[in-house]
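J.: Quick one: the structure is below, questions incoming.
The values are calculated or read from the model by the stated rules, or taken from the named source; none is laboratory data. For clarity, every value in this text was computed on a predicted model and none was experimentally measured. Methodologically, a virtual Cβ is constructed for each residue, glycine included, from the backbone with ideal geometry; neighbour enumeration extends over all protein chains shown. Heavy atoms of the whole protein, side chains included, go into the accessibility calculation; ligands, DNA and RNA do not. Shrake-Rupley method; radii C 1.70, N 1.55, O 1.52, S 1.80 Å.
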Amino acid sequence: MLSLDHLAAVGEEYIFTHAGFLPQKSYEEQVDDMLWIRTEFYEEYEGRETVIIGHTPVQYFDETRHHPLLFRNHIIDCDTGSYLPGGRISCLNVKKMTCWQSEPDDLCQDDRNG
């Protein structure tokens with residue numbers, strides 16, 4: 001895992017990264033930022049490419065939200081809180097903007113009693 005790139009550009013339309021990035025810095029200068037950044041990225045990103053991120057569960061913005069969140073500035077947050085009560089694992093088809101999800105609370109079920 002540690003040897004994987006922290007950012008992947010797919011064509012000229014999409015960028016995938018864990019948390020975001022700082023457009024004014026080179027990618028090499030911000031490996032840690034790509035893992036932990038939040039507000040700065042949401043507020044400052046103005047690129048034309050759509051950036052798909054995780055790291056911040058969409059429930060952070062609205063506790064009733066359970067689907068990927070599309071920001072006005074071409075950011076899609078696809079972290080639907082799989083570790084949270086009621087959270088889900090989500091998979092997003094960025095070309096069609098369709099989403100598949102696990103059922104809420106079906107993760108980590110205890111099957112030892114039945």
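J.: Within the chain, what whole-number % of the accessible surface is contributed by carbon and sulfur, with the 1.4 Å probe and all protein chains included in the calculation?
T.: Numbers: 4050 of 7800 Å².
Solvent-exposed carbon and sulfur of the chain make up 52 percent of the total.
J.: Rank these by accessible area, largest first, 1.4 Å probe: T39, T80. The partial results should precede the final answer.
T.: On the way: T39 70, T80 5 Å².
Result of the area sort, largest leading: T39, T80.
J.: Compute the signed sum of charges (Lys and Arg +1, Asp and Glu -1) over the other residues within less than 15 Å, Cβ to Cβ, of K95.
T.: Values: positive: K96; negative: E12, E13, E49.
Counting the neighbours of K95, the net charge comes to -2.
J.: Can you list the GluC sites (Glu not before Pro) in the stretch 1-47 that are in a DSSP coil and have 15 or fewer other beta carbons within 10 angstrom? Could the numbers behind the result be given before it?
T.: On the way: sites: E12, E13, E28, E29, E40, E43, E44, E46; in loops: E12, E13, E46.
Qualifying residues, ordered by number: E12, E13, E46.
J.: Hey, of [x] 1.38; [y] 1.11; [z] 1.01, which did the structure itself give for Rg/Rh (Cα atoms, Kirkwood Rh) when calculated?
T.: Among [x] 1.38; [y] 1.11; [z] 1.01, the one derived from this structure is [z].
J.: If you don't mind, there's one more thing I want to ask. Ordering M97, M34 by how much accessible area each has at a 1.4 Å probe, largest first, what is the list? Don't skip to the end; give the middle numbers.
T.: Details: M97 100, M34 5 Å².
Per-residue accessible area, sorted high to low, gives M97, M34.
J.: Run the numbers for Y83 and K96: contour at 0.36 nm per residue of separation, minus the present Cα-Cα distance, in nm.
T.: Numbers: separation 13, 0.36 × 13 = 4.68 nm, distance 2.64 nm.
Full-extension gain reported as 2.0 nm.
J.: What residue among G81, G11, G47 shows peak mean-square fluctuation when the chain is described by a Gaussian network model with Cα springs under 10 Å?
T.: Sorting by GNM fluctuation, first place goes to G11.
J.: Measure off 7 Å from each Cα along the Cα-to-Cβ vector at H6 and L35, then give the distance between these two points in nanometres to one decimal.
T.: My value for the distance between the label points is 0.8 nm.
J.: From Cα pairs below 8 angstrom and at least 6 apart in sequence, can you work out the relative contact order of the chain, rounded to a whole percent? Let's see the in-between values first.
T.: On the way: 187 pairs, mean separation 19.2, N = 114.
Reported relative contact order: 17 percent.
J.: For the stretch 5-111, state which trypsin sites (Lys or Arg not before Pro) are in a DSSP loop and have at most 10 other beta carbons lying within 10 Å of their beta carbon.
T.: Details: sites: K25, R38, R48, R65, R72, R88, K95, K96; in loops: K25, R38, R48, R65, R72, R88, K95, K96.
Here the sparse-neighbourhood loop sites are K25, R48, R72, K95, K96.
J.: Order H6, H55, H67, most accessible first, counting only protein heavy atoms with a 1.4 angstrom probe.
T.: Working: H6 55, H55 30, H67 100 Å².
Output order, biggest surface exposure first: H67, H6, H55.
J.: What net charge do the residues around R72 carry, taking every other residue with its C-beta under 12 Å from that of R72, with Lys and Arg at +1 and Asp and Glu at -1?
T.: Values: positive: none; negative: E43, E46.
After counting each charged neighbour, the total is -2.
J.: Accessible area per residue of the chain at 1.4 Å probe, in Å²?
T.: Per-residue value: 68 Å².
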